[in-house]
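Some notes on the structure that comes next.
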DNA sequence: AACAGTTGCGAAAACGTTTGCGGGGGAAAA
DNA sequence: TTTTCCCCCGCAAACGTTTTCGCAACTGTT
C-alpha cells in the first residue's frame, strides 16, 4: 500500500508540491482548473494529509491532553464523553491518560503531553499531587490548562467546578425543610478541597437549625460508607436522614439500608450529590443534587477554546446543580 | 519560553546535532565524556524530544486509535482503562474517539486515525455499521486492527470477545439446575452478532429440559426492559426466573421487580451477564456471569502487540466468563 | 616510516507540510 | 512596439529528528 503524499500527486499531475498544497487549500493563486484536477486526483487516491508533518511545521499539535485519576468511575466517563464530542467537530483530538491517583504517574503523563506538544490540557488532579510545579511549566509555555473536579488551590488556575457550596447548601436546606433532626452526613476523602467545601457549606446550614444535629463521617470507599452506615443504624436512636456527598458514598449507604430493611423514605430520608445515573437505579429513586460530568465537560471545553482565543486570565467557573426529586425524602 | 531542541543543545555545547542525538541515545560512537556533557545539559534544560518530528521521520506514530460507540457506558470505560494502563509503560498513547453509534461519525473517526498515522486501532463497531470497506483499508495498509465486544462477522479479523456462548450456556444451566421452569429471557439489540450468539446458546440449553419454557424478548434500552418485565409480572402465571443479557437489561428488570415488590430470590431468580459493578449494588447481590471489560482490554492489548510483532494472522480470542454467585438465585 | 585499524564526530539527506518570494508569460494599456 | 500589470505557478527554506556515509585524528603494528 503506497502512501499518498502531496509529492505523489504533484508528480502525477506534473505540478509542483506547493501548487498542489495550495490547490487543496483553495488558495486564490491557483486557477480553478488546476484546483479541480488536484482535488479530483486527491479524492480518487484518497489522499490524507500527514498530521505529523503539519504539526511539526506549524509547531502546533491539534491534540488535547486529558488526565484523570481513573477512567472507570462514576463520573469521568461522562466528562470525557462530553469533551470528546466537542473535540472532533472543532478539529481536535483527545489523548487520554490515567494517573491512577499516583503523583509519579501523573508527572509522567505530563511529560508525555509535553513531548506531544499538545495544544491544551484538561486535568483532574490526583489526590496525591503535592506540587504544582510541573503544571506551572505548562502555563509558562503558554499551554492552556483547565482543571476540573479536583482542582488546585489558589486563583491562578482555570477551574471548572460543580457549584459545591450551593449544592451542599441546597441539600441541607431540603433536609431541614423536611423536618429531619438527626442527620448522618457522610463525606469523601477528607483532604480534598471539594470535600472541605461541601462539608463547610452543609454544616453551616444545618447549624442554623437549633434542634437539628448531624453526625459527620468521612469515608473514602463505598465499603467504608457501608460499614459506617451500619454502625449508626444499629444504635437505639437511629438517624432520620442520610446525606451522601457522592455516588461512591451512596452505594455504601444504600447497601446498608437495604440489608437492614430500613424503608426509604418512611424510616429515613436519603439525599445525595450525583451524576444522576445511580440514583435512578434504586427504588424509590433517590433525590439528588445534580453534579453533571457532562455539563462539566462542555463547560471545560468552552473555557479551553476561550484560552486558545487569547483569553488567558485564570477563571473559576461553576455549573449549576439543580435538584432532581426522587422518592427518597 | 524558548523550546529546547537538539539544535539548541548542540549550539551550546559546540557539537553537531547528530552527535547530540546519538549521545542521548547512548550510541557507541560517542565518547563517554561527550555523552555525559550532553545528558547533563539536556537534563538542566529539560529537553523533551518532539514526538511529531520523530513520528514524521520514522513514519510511525506511537499512538493507538480506539473507537467506541460511547464512552459513558457500563463497560467501555473499564476496557479503555485497561488498555491505557498497558499503553503508557509500552510507550504508546491512546487517541479516543466516539462513534455515537453512527456509521458516518465512525467513518470520520477512521479518517482521523488515518491522518494521524496511528500504529494500531481498537474498534467496537457501532450497531449501524453496514460496510467494512473503510476498515479493510487499514488492513491493506498493514495497520493492525483489533475488534472487541461488537465485532464484525467473518474470520478475517482479529476479534477479542467474551466467551458468549459459554457464558449464556452457563447461565442457562444454572437456571435449570435451580429448577426454574418459566424463564423470562431478555436480550439486547437483535441485530448484533453478540446477541445472536448469546440467544442461540441460551436457547439450546433450555430446550434440552422438556418441562422448561422461556419467554424471549429483545429490548434495546433499560426503559424497554422495565416495561417488558412489568408486563410479564402482571400476568396470572408469572415467570420464576429472569435472565438478563446485559447490565442495561438488568437495570430495567430490577426496577420493575422492585416496584412490584417481588422478592428475590423467593419469588423469582435473577441472573445476568455483567461486568460486575451493578450486580453488587443490589440487595441481595445479583448472581452474574462475568464479562469483564478490564480483562477484555488486557487481552486486546496483548493481541495488538502480537500484531505489531509480525503475527498477522487473524484470530478470535475469548476471555473466560466465570460465575460469580450473589444471592439472587 | 608507512600502514591498517579504531575512535569520535560532522555533513547532509530524508520524513511531508506550508509559505515567502520571485519569475515567466500573456493581456491590456500606452 | 514597448511597458505595465496580473495570473499562475515553482523554488527553497523551515519545522526537529534519525541515520548513512565519510573523514580526521589517533593507536598500534610491521
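Coordinate-derived values only; no laboratory data. Everything quoted here is computed from the prediction, not taken from an experiment. Cβ sites come from the backbone with ideal geometry, for glycine too, and all protein chains shown count toward neighbours.
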For the pair residue B:155/residue A:39, report the inter-label distance in nm, with labels modelled 7 Å from Cα in the Cβ direction. 4.6
Whole-Å semi-axes of region A:101-223's equivalent ellipsoid, largest first, each the root of 5 times a Cα gyration tensor eigenvalue? 37, 15, 10
In Å, descending, principal axis extents of the Cα set of chain B: 91, 40, 32
Under Stokes-Einstein, region A:28-149 at 4 °C and 1.567 mPa s, with its Kirkwood radius over C-alpha pairs, diffuses with a coefficient in µm²/s of 79
Which of A:74, A:215, A:135 ends up with the largest GNM mean-square fluctuation for chain A, with Cα atoms connected below 10 Å? A:215
Ordered by fewest other Cβ atoms within 10 Å, a rough proxy for footprinting exposure, A:228, A:287, A:312 read A:312, A:228, A:287
Within 10 Å of each residue's Cβ, count the other Cβ atoms and sort B:275, A:240 from fewest upward. A:240, B:275
Order by neighbour count: A:131, A:246, fewest other Cβ atoms within 10 Å first, most last. A:131, A:246
So for region A:238-296, averaging the separation of alpha carbon pairs under 8 Å that are six or more residues apart and normalising by length, what relative contact order in percent results? 33
Between the alpha carbon centres of region B:238-307 and region A:161-186 the gap in Å comes to 33
How much FRET efficiency would the formula 1/(1 + (r/R0)^6) give for residue A:107 and residue B:236, where r is the Cβ-Cβ distance and R0 is 60 Å, rounded to 0.05? 0.40
Against the longest alpha carbon principal axis of chain B, how many degrees, from 0 to 90 and to the nearest 10, is the axis of helix B:293-308 turned? 40
Kirkwood hydrodynamic radius (C-alpha pairs) into Stokes-Einstein, the protein assembly as shown, 10 °C and 1.306 mPa s, D in µm²/s: 58
Decide, for region B:269-313, between rounded, prolate and oblate: order the square roots of the alpha carbon gyration tensor eigenvalues as a ≥ b ≥ c, take rounded if a/c falls under 1.5, and otherwise choose prolate if a/b is larger than b/c, else oblate. prolate
Given a Förster distance of 30 angstrom, what is the FRET efficiency for residue A:182 paired with residue A:204, based on the Cβ-Cβ distance and rounded to 0.05? 0.95
Remind me, relative contact order of chain B in percent, using alpha carbon pairs under 8 angstrom and six or more residues apart? 17
If I model a spin label as a point 7 Å beyond the Cα along the Cα-Cβ vector, how far apart are those points for residue A:196 and residue A:90 in nm? 3.0
Of B:90, B:108, B:116, the most mobile residue in a GNM of chain B (C-alpha springs, cutoff 10 Å) is B:90
Region A:142-290 - Rg and Dmax from Cα coordinates, angstrom: 15.7, 60
Enter the angle in degrees (range 0 to 90, nearest 10) between the Cα long axis of helix B:32-44 and the first principal axis of the Cα atoms of chain B, meaning the one along which they spread out most. 60
Report the extension gain between residue A:173 and residue A:2 in nm, rounded to one decimal, defined as 0.36 nm multiplied by the number of residues separating them, less their alpha carbon distance. 54.8 nm
Looks like region A:71-119, by Cα gyration tensor root eigenvalues a ≥ b ≥ c and the a/c under 1.5 rounded cutoff (else prolate when a/b is bigger than b/c, oblate otherwise), is oblate
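Suppose we keep just the DSSP beta bridges with both residues in the protein assembly as shown; what percent of those would be antiparallel, to 5?
On the way: 5 of 81 bridges.
Around 5 percent of the beta bridges assigned by DSSP in the protein assembly as shown are antiparallel ones.
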Exam field: residue B:108 pseudo-label spacings to other copies (7 Å along Cα-Cβ), nanometres: 3.5
In degrees from 0 to 90, rounded to the nearest 10, what is the angle of the helix B:103-115 Cα long axis to the longest principal axis of chain B? 20
From the label point of residue B:216, set 7 Å from Cα along Cα→Cβ, how far away are the matching label points in the other copies, in nm, ordered shortest to longest? 5.8
Taking a label point 7 Å from the Cα of residue B:57 along the Cα→Cβ vector, which residues of region A:52-76 have an amide N closer than 20 Å to it? A:52-61
